[in-house]
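Before I ask anything, here is the structure I am working with.
Read-outs throughout are calculated quantities, based only on the coordinates presented, and are distinct from any laboratory measurement. All values reported here derive from a predicted model rather than from experimental measurement. Counting neighbours? That spans all protein chains shown, and the Cβs are built from the backbone with ideal geometry, glycine included.
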Amino acid sequence: MKNRFVLGIEGTAWNLSAAIIDRTNIVAEVESQYLPQKGGLHPRMAAQHHASEIGDLIRKVLAEGGEFGADLSAVAFSQGPGFGPCLRTIATAARALSLSLEIPLIGVNHCIAHIEVGKRICNVTDPVILYVSGGNSQVLSYRAGKYRIFGETLDIGIGNALDKFGRYAGFQHPGGPKVEQLAKNAKKYVPLPYVVKGMDFSFSGLTTAAKDALEYASQEDVCHSFQETAFAMLVEVTERALAHIEKDDVLLVGGVGANERLKEMLGIMCKDRGARLYAPEKKFMRDNGVMIAHTGLLMLESGVTLPIKDSAVRPNYRPDDVDVVWV
Amino acid sequence: MNLKTSGAEAIVRSCDGHILKQRIPKRYRIKEVDEQIRRDRTKSEAKMISEARRSGIPTPVIYDVTDYDIRMEYLEGAQLKHVLDVDLCKRIGELVGRLHTSGIVHGDLTTSNMILSQGKIYLIDFGLAYFDRNTEARGVDVHVLFQTFESTHEEHDALINAFIEGYEKTFDGAKEIVQRVKAIESRGRYRTERL
């Protein structure tokens, strides 16, 4: 088969990123991050950032790819889920490239891109996946043509929960890494609500309770207690999924996957039941253009492309909406 | 002792003609969280089993509850999933109707968690049960059961209709719940089959 190069554009939230890859190499990768001065991510501000940066970004990534001799076969973009204004910005760029270069357009589900790039980097084929990021928290596994969702958050993503709490405590965005740092110096555990309903979990009540706990406990102790409670919920559901479908591999993906304590807890759970934990390096955990390009390549090889007229963005695009024909 | 099942959360053994359900510690979580979860769930399960029994729902008799263990009656019989038919489904409907009338939501209604013993249908495994009189909670309870009909039994339409007939007989609010089940099924999160 001819070696094909795919350009992928990611920009569902804070990280605008474009990459060109083929089956074996990352040929080019360029990023531009929107970081709010204060408060959290504002969808419109993020979209304005993306709109002002994307021209330069695409020029740079094409120049880098050109030096490598990459002749593009398709352009893939993150079609959703994500912030509507951000999605529309990158979709516009992707359509323009598809038309001007006369190459197919591919609409990639952002959640599935996290999974596929994790599988590529870690070389694992059929894991139970814990996908944890700002907006999303899900336990998934592939069966019969789809990534099925075993359990998911009933309200906000774990990353959003950590950031909301962090903002209240006065940390700059993103709060998650700061929470992780402070937790290391905790002296005791403060009881917080542990909410698992069936296979689903919920973080908004926990976030409120953690904010309240700052009134009577140290920041360090509350950060520690928040992590221990929330991560135990995620690991419990992951373990139940493993037990139910009798798989032996776990893949951790998404920005919160960079948290060392979460990784450690998952690792212990896996060890105790004879399973293996796979986690890509941090740059492939968080949002990145490589994951969109890689998934775009898999889809292209299976003949899945997207006519421009059907390329509207899908802010609520669920991973179990996607027919996974390439696995 | 004879190991019956070993799930992710608890091990269940038969022992001297009793059932011993033990919630086992998990090393991945700190002791404070681990003990709190195991203690809360054990206490809650024992309480909900007794509450259901008090409302006329056949459940195993509880002999003893310690921090993490429940010792209860061993029921000789078959799981409903192995013997299910339309007539039994109607009786399941009556049973769940009584359960919901009493304000209890089971949280994990499957035909594996029902045992036909000496002609009576017993409900077991109340680890995820709680008190809730809201339409949504009851609707999800029934929806989960319908999913097990669909995934593990043939002729599920007849089974569902028989269930509804029994459910409406013992529970005044049944019609509203059945409506809600349809709404739940049409929602995005349940639109595709879950494992």
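Which residue, B:LEU109, B:LEU20, B:ILE164, has the largest displacement toward the positive end of the dipole of chain B when charges sit on each Cβ (Lys, Arg +1; Asp, Glu -1)?
B:LEU20
Moving on. Would you mind checking the tilt of helix B:86-101 against the longest principal axis of the Cα atoms of chain B, expressed as 0 to 90 degrees and rounded to 10?
Compared with the principal axis, the helix lies near 70 degrees.
A follow-up question, please. A:ARG59 versus A:LYS2, label points 7 Å from Cα toward the beta carbon: distance in nm?
It works out to 3.0 nm between the two label points.
Another question about this same structure. What is the projected area of the convex hull of the Cα atoms of the stretch A:126-280, averaged over all directions, in nm²?
8.7
Helix B:174-186: angle to the longest alpha-carbon principal axis of chain B, degrees 0 to 90, nearest 10?
90
What trypsin sites (Lys or Arg not before Pro) in the stretch A:35-117 are in a loop by DSSP, with at most 15 other Cβ atoms within 10 Å of the Cβ?
A:LYS38
Per-residue ellipticity at 222 nm for the protein assembly as shown, helices alone: DSSP H runs ≥ 4 residues times -39500 (n - 2.57), over residue total, nearest 500 deg cm²/dmol?
Value at 222 nm, helices only: -14500 deg cm²/dmol.
Work from the charge dipole of the protein assembly as shown (Cβ charges, +1 for Lys and Arg, -1 for Asp and Glu, about the Cα centre) and give the residue of A:TYR194, B:ALA129, A:CYS270 farthest towards its positive end.
A:TYR194
How crowded by other chains is B:22-31, given as the mean number of beta carbons from other chains within 10 Å of each beta carbon?
5
May I ask you to sort A:ASP272, B:ASP125 by Cβ crowding, counting other Cβ atoms within 10 Å and putting the fewest first?
So the residues, fewest neighbours to most, are A:ASP272, B:ASP125.
Further question on the same structure: What shape does the stretch B:78-191 take by its C-alpha gyration tensor, where a ≥ b ≥ c are the square roots of the eigenvalues and a/c under 1.5 counts as rounded, a/b above b/c as prolate, and the rest as oblate?
Taking the square roots of the gyration eigenvalues as a ≥ b ≥ c, the stretch B:78-191 is rounded.
Taking only the Cα atoms of the stretch B:2-73, how large is their convex hull per residue, in Å³?
Considering the Cα atoms of the stretch B:2-73, their hull volume per residue is 87 Å³.
Also: Would you tally the net charge around A:SER225, using a Cβ to Cβ cut-off of less than 9 Å, leaving A:SER225 out, and scoring K and R as +1, D and E as -1?
-2
To make sure I understand, if each residue's beta carbon is the centre and we count other beta carbons within 10 Å, what order do B:TYR63, A:TYR194 fall in, fewest to most?
B:TYR63, A:TYR194
Could I ask something else about it? Helix B:31-54 against the longest principal axis of chain B: what's the angle in degrees, Cα atoms only, rounded to the nearest 10?
Helix B:31-54 sits roughly 50 degrees off the main axis of chain B.
Can you return the lysines within cross-link range of A:LYS60? Criterion is Cα-Cα under 30 Å, with same-chain partners fewer than 8 residues away left out.
Reachable lysines: A:LYS2, A:LYS38, A:LYS119, A:LYS282, A:LYS283, A:LYS309.
I would also like to ask the following. Using a 10 Å cut-off around each Cβ, can you sort A:THR153, B:THR66 from fewest to most neighbouring Cβ atoms?
Neighbour counts put them in this order, fewest first: B:THR66, A:THR153.
Here is a follow-up. Which one of A:CYS223, B:GLN36, B:ILE70 has its Cα pushed farthest toward the positive end of the charge dipole of the protein assembly as shown, where Lys and Arg give +1 and Asp and Glu give -1 at the Cβ?
So the residue we want is A:CYS223.
May I pose another question? Out of all DSSP beta bridges with both ends in the protein assembly as shown, state the antiparallel percent to the nearest 5.
75
A further question follows. Using a simple charge model, +1 on the beta-carbon of Lys and Arg, -1 on the beta-carbon of Asp and Glu, nothing else, what dipole does chain B show about its Cα centre, in debye to the nearest 20?
In total the dipole reaches around 600 debye.
Here is a follow-up. Which of the DSSP-defined H helices in chain A satisfy a minimum axial length of 27 Å, computed from C-alpha atoms, and a minimum mean Kyte-Doolittle hydropathy of -0.5?
Flagged H segments are A:43-68, A:219-245.
Shape verdict for the protein assembly as shown, please, from the Cα gyration tensor: rounded (a/c under 1.5), prolate (a/b greater than b/c) or oblate.
prolate
Please give the average number of partner chain Cβ atoms lying within 10 Å of the Cβ of each residue in B:34-47, rounded to a whole number.
What the average comes to for B:34-47 is 1.
Give the cross-link partners of B:LYS81 among the lysines, using a straight C-alpha distance below 18 Å as the criterion and excluding same-chain residues fewer than 8 apart.
The qualifying lysines are B:LYS4, B:LYS90, B:LYS120.
Considering only A:PRO280, A:PRO191, A:PRO85, give the residue with the highest GNM mean-square fluctuation for chain A, with springs between Cα atoms whenever their separation is below 10 Å.
The residue with the greatest mean-square fluctuation here is A:PRO191.
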